[in-house]
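To start, the structure itself, in structure tokens.
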Amino acid sequence: MWICRCLIKDFEKRPSVIHLLEHPFIKQVHGKDMALQRQLAKLIQVQQQSGSIAKTRYERMHTKRPYVLQTKENSCLDDDLVNLEVLDEDTIIHQLQTRYADLQIYTYVGDILIALNPFQNLSIYSPQFSKLYHGVKRASNPPHIFASADAAYQGMVTFCKDQCIIISGESGAGKTESAHLIVQHLTFLGKANNRALREKILQVNPLVEAFGNACTVINDNSSRFGKYLEMMFTPTGAVMGAKISEYLLEKSRVIKQAVGEKNFHIFYYIYAGLHHHKKLSEYRLPEKKPPSYINNETGTVMQDIVNNESYRRQFAAIQHCFRIIGFSNEEVHSVYRILAGILNTGNIEFTAISSKHQIDKSEVPNGEALENAASLLSIGSEELQEALTSHCVVTRGETIIRTNTVDKAADVRDAMSKALYGRLFSWIVNRINTLLQPDKNICNAESGMNVGILDIFGFENFKRNSFEQLCINIANEQIQFYFNQHIFALEQMEYQSEGIDAALVKYEDNRPLLDTFLQKPMGLLSLLDEESRFPQATDQTLVDKFEDNLRCKYFWRPKGVELCFGIQHYAGKVLYNVCGFLEKNRDTLPADIVVVLRTSENKLLQQLFSSPLTKTGNLAQSRARVTAASRSLPPQLNAGRIKVDTMEMMRHPGETTNMKRQTVASYFRYSLMDLLSKMVVGQPHFVRCIKPNDDRQAMKFCRERVLMQLRYTGILETVNIRRQGYSHRILFDEFLKRYYYLAFKAHQNPPGTRETCTAILEKAKLDKWVLGKTKVFLKYYHVEQLNLLLREVIGRVVVMQAYTKGWLGARRYKKVKEKREKSATSIQTAWRGYDARRKYQQLRARRDEAAVCIQSAYKGYTARKNYVVLKNNKHYEFNERQRLGSSNKGHLTDSSIRARQPDKEADYHRPLFYTTERNSLVDIDEHDFTANRRLSDFYGSQKSTGSDGCLEKKLRTARRRCQQPKTLNSPEDSMYYNQVNGSLEYQGSKRKPRKLGQVKLLDGEDEYYKLLSAADSIPEEDFSPCSPLSPQQMFFS
């Protein structure tokens, strides 16, 4: 059948890819790809080997999961009680019991989830199950707490509206664990890039519950406060922060617990952890006898602390929570010191002393506990003792100090302990909110959306019920009233106003009982506040006032029982004991204690008692801006100050400073108002927790106990109204705005009329819907179907947009790429031209430098050579003068010498050689050195060109490149070089070739060159043939 539907040609009628992926067979294949591939490969191989092409029926592949996923086709009718044919109490109880025996602890009642506490751990909360309940149809999977969380998340993202998940039930029904699972799944759905933020949010509940939960007679982890956790998301659905609101902490549990109950968890955790780490002495805690605040009637507290391994593990977990969330080590150390100070304060005892004038004076007989408490709180022991045993009274401008009796001093001690713990708990909550507030750089908090989770103490009915149970049960009455209003009253009122013909469902309305508690001035809480203001009022006068003013069917006073009254709650009759009502309601903290604690050197303790309280009784949170970089820094923990200026604390808008008139009842009333104001903003989702038995045993189902809870929670009436009524009422314009894509084109703008809404509903193929005057009335399952269709249409649009954007992006990228290539070519061309010109200029500069160097070297060489020639000619002329003068006896003149010179032209050019043997200048005979003719020719040419007898300089033309060297053509030249070579014995020389840059040393064979080198030091100016030599120069030459 499914394959036939997939083969339909009309794409609007055939299933889409989303439906294919949601098919049970495809889901069961998930995670077994490799195994199925191996099976298919094996089957194909067998088929190929056999050579058969006939269709063969193979064995069934086993893909059964540990937790069987049921579908609508087989057994989803059992998942929703609305689908039952017979609606009565026996049928509903039988259905729940059958499912509970199969470990199906969750059941739907329309869009409401019923959760039975299994009292055991189930393996249905892993990340794999989180993936199964992520944006899928509700009927695709069995009922689950993750489905309710996903419904709230999808509603927030789809409709951009805040959501609220309300968890209700008796104490021990599993509300706290359900809240944990919802936070876990919402964190999975709203995955953000900041993994540390998700880890912080998951660590919030364990930390807060360690300080706010305790063990009671019926629940080992009972919430002793109301908690409303708001998870903040960006418009795209990513989690960006969280905020906790706490209400009505049971502070009286710090100083006293009922029989069989314990103090708050944190006291046992810290005691076991410090004992394990050998740090009890550091915090002044005894090792053998437990403090009085945690001691019980059995005397086995220390044995449990030492031997209970879970306490040590919880202490390590609490330290991990502090570190992950962002508390500093200094803050954690201050918290531990305050907790240890509270335990030591409880050990302070008082005794009465009598004197002549005072018989009701009290004192502290043993100062050890007082010293320990004062040391841990960083205050003076004397100041603390004075504040405990006396108080100041201001009358007509005069201060009178009055002593306290033993009972009064004990009350002051207990009031101080309760105030310390209550304010410390509020500070921890405020600090968590500061560390988890959204980063304004990522998203503005106003533009985000919230999913609120209410986890409040459940309805309680003990053997002895006191003021705390009265407040808890009134809060549960308020939650039940909100449920009735949303499920029954508002829905039926809209039926009448819109003209819808629907059968009215009768239900138990608890509004009269709430008025009995909350109305002014004759309500129970108002009467309690009025009686608390009278100093002489007693518990007996309070009961009498209740009996005189509360005349209704819900209040009665039992006969023969003093100081008791009874209330008929929605969950049953409860008998309350009035002992201590007035003192618990007053909750007075003497001003002397506040003054002493403000002088503490502990900066955290200063802050606790310098910040004012809000109208709900909580510590006011500072409104200072905290950036993401400073979230890990402790606020107000700066060293140096001892006293705190209270004007530095920024006040909360709803805070109050008139503490004398505030009572616990007034705090409670404001807390309910604040809680309701947050709940009514969002779309509610209800989770009703049921306790199957009072023994906390797994797999035990008590029919009478479950039936009683179903009756007072109105489950049967809820089933009827969900079957007959319309849980979703949407205005025409809002309905068109949400779903007009299902029937109209994007460019169309249809009006918000009945016809338009009808067209959309018919296009969606829905049935059993009704149109009113201004609203569309839908069943609880219609909205889910419309959302799935809308998601499918939007998915197609997104695919088309993706392809279009991809094509446009590719074209744009191609243009940009071409432009970049052209730009790169232009840049490369310019650079290469610049680089070539730069290199050419460098090469040209080097060539110019080389040419200058060569020219200078050549000019020096020619100058030195010409100078040597001129020097030899002058010397030869001088010798000739002496020789001719000696022969002619002084009658020789210059003209005669010149006249003889042409005849003996070679004599002028005979060179002189310096010999090492004689160390003197000798001339060479002309017949031996006729090779000097070249020098004489040069000299003769110089002399013949000068008109005044001066020698002119004639440079030899440089030999060109590749020109053949000059050969010895004349016989005289050959004779000259042969004689020179023979005289120097050059043929036998074994000199090695000189390397480049090596200086040549002159030896005996180089006398000729040594003679020539003497001319290098003569300046170039002296080389001019026009400047004749002086006699001295002639002499030295």
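Exactly one residue among Leu40, Leu20, Leu7, Leu36 is closer than 30 Å to Ala139 by Cα, modelled with pLDDT of 75 or more and of a type in the set (A, V, I, L, M), and that residue is Leu36.
Among the residues of segment 498-522, those that are in a helix (DSSP H, G or I) and either among the hydrophobic types (A, V, I, L, M, F, W, C) or over 50 Å from the mean Cα position of the chain (by Cα) (or both) comprise Leu513, Leu514, Phe517, Leu518.
Any idea which residue in segment 558-574 is modelled with the lowest pLDDT, counting only those that are part of a strand (DSSP E or B) and surrounded by fewer than 18 Cβ atoms within 10 Å (Cβ to Cβ)?
Taking segment 558-574 and keeping what is part of a strand (DSSP E or B), we get 564-569, 572-574.
Narrowing further to those that are surrounded by fewer than 18 Cβ atoms within 10 Å (Cβ to Cβ): 564, 566, 568, 572-573.
Details: Cys564: 93, Gly566: 94, Gln568: 93, Gly572: 88, Lys573: 91.
Restricting to residues being part of a strand (DSSP E or B) and surrounded by fewer than 18 Cβ atoms within 10 Å (Cβ to Cβ), the top hit is Gly572.
In segment 90-123, of all residues being without any contact (Cβ under 8 Å) to a residue 40 or more places away in the chain and in a loop (DSSP other than H, G, I, E, B), the one that is most open to solvent (accessible area, probe 1.4 Å) corresponds to Asn121.
Taking each residue of segment 814-827 that is modelled with pLDDT of 95 or more and looking for partners that are surrounded by fewer than 10 Cβ atoms within 10 Å (Cβ to Cβ) and of a type in the set (S, T, N, Q) with beta-carbon atoms closer than 8 Å, six or more apart or interchain, yields nothing.
Only one of the numbered conditions (1) without any contact (Cβ under 8 Å) to a residue 12 or more places away in the chain; (2) open to solvent by 50 Å² or more (accessible area, probe 1.4 Å); (3) over 25 Å from Asn219 (Cα atoms) is not met by Ser126, and that is (2).
Consider only pairs whose beta carbons are under 6 Å apart and that are at least six residues apart or on different chains; among these, list those whose first residue lies in segment 134-151 and is over 19 Å from Phe233 (Cβ atoms) and whose second residue is open to solvent by 20 Å² or more (accessible area, probe 1.4 Å) and not in a helix (DSSP H, G or I). As it stands, the answer is Ala139/Lys72; Ser140/Glu22; Asn141/Leu69; Pro142/Gln70, since those pairs meet every condition given.
Of the residues in segment 720-732, none is under 21 Å from Val505 (Cβ atoms) and modelled with pLDDT of 90 or more. Might you let me know whether segment 242-260 holds any residue that is of a type in the set (Lys, Arg), open to solvent by less than 10 Å² (accessible area, probe 1.4 Å), outside any strand (DSSP E or B) and closer than 16 Å to Tyr421 by Cβ? Yes - at least one qualifying residue is present in segment 242-260. Checking segment 690-702 against the condition returns no match, with no residue being aliphatic (A, V, I, L, M) and in a helix (DSSP H, G or I). Check segment 469-490 and report whether any residue there is within 39 Å of the chain's Cα centre (by Cα), among the β-branched types (Val, Ile, Thr) and within 23 Å of Arg711 (Cβ to Cβ). Yes - at least one qualifying residue is present in segment 469-490.
Hand me the list of helices (runs of 4 or more DSSP H) wholly inside segment 261-326 holding 3 or more residues that are basic (Lys, Arg), at pLDDT 90 or above and open to solvent by 50 Å² or more (accessible area, probe 1.4 Å). Walk me through it before giving the result.
Working: elements: 265-276, 301-307, 309-325.
Filter on segment 261-326 gives 309-325.
Taking the listed residues Lys191, Lys131, the one that is surrounded by fewer than 23 Cβ atoms within 10 Å (Cβ to Cβ), assigned to a helix (DSSP H, G or I) and without any contact (Cβ under 8 Å) to a residue 60 or more places away in the chain is Lys131, with no other qualifying. With respect to the stated conditions, Ser168 fails to be under 25 Å from Ala317 (Cα atoms), touching a Phe, Trp or Tyr at 6+ places or on another chain (Cβ under 8 Å) and either at pLDDT below 90 or not basic (Lys, Arg) (or both).
Tyr780 passes every criterion in (1) of a type outside the set (S, T, N, Q); (2) under 30 Å from Ser727 (Cα atoms); (3) free of Cβ contacts under 8 Å to residues at least 12 places away in the same chain apart from (3).
The set of residues in segment 222-241 being outside any loop (DSSP other than H, G, I, E, B) and farther than 21 Å from Thr187 by Cβ consists of Ser222, Gly226. In segment 185-218, which residues are under 17 Å from the mean Cα position of the chain (by Cα) and not hydrophobic (A, V, I, L, M, F, W, C)? Passing the criteria: Thr187, Gly190, Lys191, Asn193, Asn194, Arg195, Arg198, Glu199, Lys200, Gln203.
The values are calculated or read from the model by the stated rules, or taken from the named source; none is laboratory data. Just so it is clear, the model here is predicted, and its values are computed rather than measured. Please note: Cβ atoms are built from the backbone with ideal geometry, for glycine as well, and neighbour counts cover all protein chains shown. Surface areas here come from the heavy atoms of the whole protein model, side chains and all, with no ligands, DNA or RNA. Shrake-Rupley method; radii C 1.70, N 1.55, O 1.52, S 1.80 Å.
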